[in-house]
Each structure stands twice: as C-alpha cells, then as structure tokens.
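Peer 1: Supplied in structure tokens, the structure appears directly below.
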Amino acid sequence: MSDLVLGSVLVHTCCADCFLNTLNYLKEEGLINESTKIISLFYNPNIHPRSEYIERLNSLRSVIPLDVKIVIPDYKPKEYIKAITKKKRRCVGCWELRLGYLFKYAKQNNIKNITTTLLTSMYQDRDMILKIAADLNKNYSLNFINIDSKHNCNHKGFYKQNYCGCCFSLTEKFTENKHSLD
C-alpha cells in the first residue's frame with residue numbers, strides 16, 4: 001500500500017477491459033481514491049479498421065466512471081503507419097508512438113503521474129513497454145506508474161476485442177483461426 005494518494009493520473013488507454021484492470025490496480029495499491037482526478041487518454045492510431053476503433057472507444061465510454069475525463073485525439077492511422085515504417089519491429093514503433101504521445105501530452109498539461117493500460121494487456125510485450133517508458137522518461141522526468149498485469153479481473157458486459165488492434169495483428173488472428181479450422 002502506498003502512503004501517497006496521487007492527485008491526478010493520466011492513463012493511456014487502449015480499451016475498456018485494460019482500463020478497468022488499471023483502475024483496479026491503482027485502487028488496490030492505494031494510489032488513488034475518490035478525490036483523485038483520473039484522465040483517460042484514448043490515443044490509438046494503430047487500431048484497424050475504423051469500426052474497431054469506434055467499438056473500443058464506445059466500450060470505454062460505457063464503463064468509464066462519470067468523474068473520469070476522456071481525452072480523444074484525432075484518429076490518424078497515418079501516424080501509426082509512419083511510425084512503424086521507421087522500425088524493424090512494428091510493435092516497437094507502435095509503442096514508441098503511443099507512449100511518446102502520452103509523455104508529451106502529460107508534460108504539456110502539467111500532469112506528473114502517468115501510466116498505460118498496455119501493461120495489463122495479454123497482447124503486449126510488458127518488458128519492452130517498460131523499457132520504452134524508461135527511455136522516454138529520461139527526457140520528461142514524470143512519475144511513470146508500473147502497473148502489475150497480475151491484477152487482471154474478469155470484466156463482463158461490454159465489447160472485448162480478440163487481437164491487439166492493428167491491421168497486422170488482425171490478419172495474424174484471422175490466419176491463426178483459419179489454421180485451427182483445418
């Protein structure tokens with residue numbers, strides 16, 4: 001348990017399920033309470049197709065507490081494509097893009113405490129995400145909260161995706177399912 005309850009936390013949010021897992025972790029660890037200002041940053045230009053992006057956003061809106069502010073930057077998939085074409089590993093480029101936006105937004109809005117729901121997702125490389133966040137934080141000096149992914153809960157009653165979000169992971173999931181039917 002923490003002796004320090006955070007005044008505000010900016011949470012990069014990929015989906016409703018991971019947001020609830022993050023919120024549960026922060027509560028269980030005593031990092032937030034009813035007076036903590038939570039801001040959800042739904043920055044996900046990687047999500048494909050647009051209908052999937054909208055479905056995930058609507059699911060988040062359906063579960064998010066009324067006192068949580070949602071920031072929704074413009075959906076610009078070209079930012080994602082540009083970011084991953086610079087990297088040999090597409091996922092690294094995607095994480096760098098989204099976490100870079102998180103750090104930049106926090107700094108511009110004077111928010112000291114940040115985290116990402118990516119740390120709770122079974123589709124992500126937790127160690128690489130933590131490395132990218134640590135590298136970014138060398139230039140920002142923010143309080144990046146390491147969410148323990150073991151705090152996943154069994155949430156129900158809203159849309160849950162079955163792939164990471166990008167067109168590549170969708171194709172991989174589709175191909176994986178096809179092979180399992182053979």
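Readers should treat all values here as calculations from the given coordinates under stated rules, not as data from a laboratory. Keep in mind that this is a model prediction, so the values were computed, not measured. Cβ sites come from the backbone with ideal geometry, for glycine too, and all protein chains shown count toward neighbours.
Peer 1: Under a 5 Å amide H to amide H cut-off, with H placed in plane at 1.01 Å, what residues pair with residue 71 once short-range neighbours are removed?
Peer 2: Those lying under 5 Å, H to H, from residue 71 are 40, 41, 42.
Peer 1: On to the next question. Mind jotting down the distance between the C-alpha centroids of region 88-126 and region 1-72, whole Å?
Peer 2: If we compute the Cα centre of each part, the gap is 13 Å.
Peer 1: With the crude spin-label approximation of a point 7 Å out along Cα→Cβ, what separation in nm comes out for residue 137 versus residue 81?
Peer 2: It works out to 3.4 nm between the two label points.
Peer 1: Treating only the Cβ atoms of Lys and Arg (+1) and Asp and Glu (-1) as charged, compute the dipole magnitude of region 1-133 about its Cα centre; round to the nearest 20 debye.
Peer 2: 840 debye
Peer 1: What is the gain in length, in nm to one decimal, between residue 35 and residue 54 on full extension, counting 0.36 nm per residue of separation less the C-alpha to C-alpha distance?
Peer 2: 3.9 nm
Peer 1: What spacing in nm lies between the two simple spin-label points modelled at residue 107 and residue 67, each 7 Å away from Cα in the Cβ direction?
Peer 2: It works out to 3.1 nm between the two label points.
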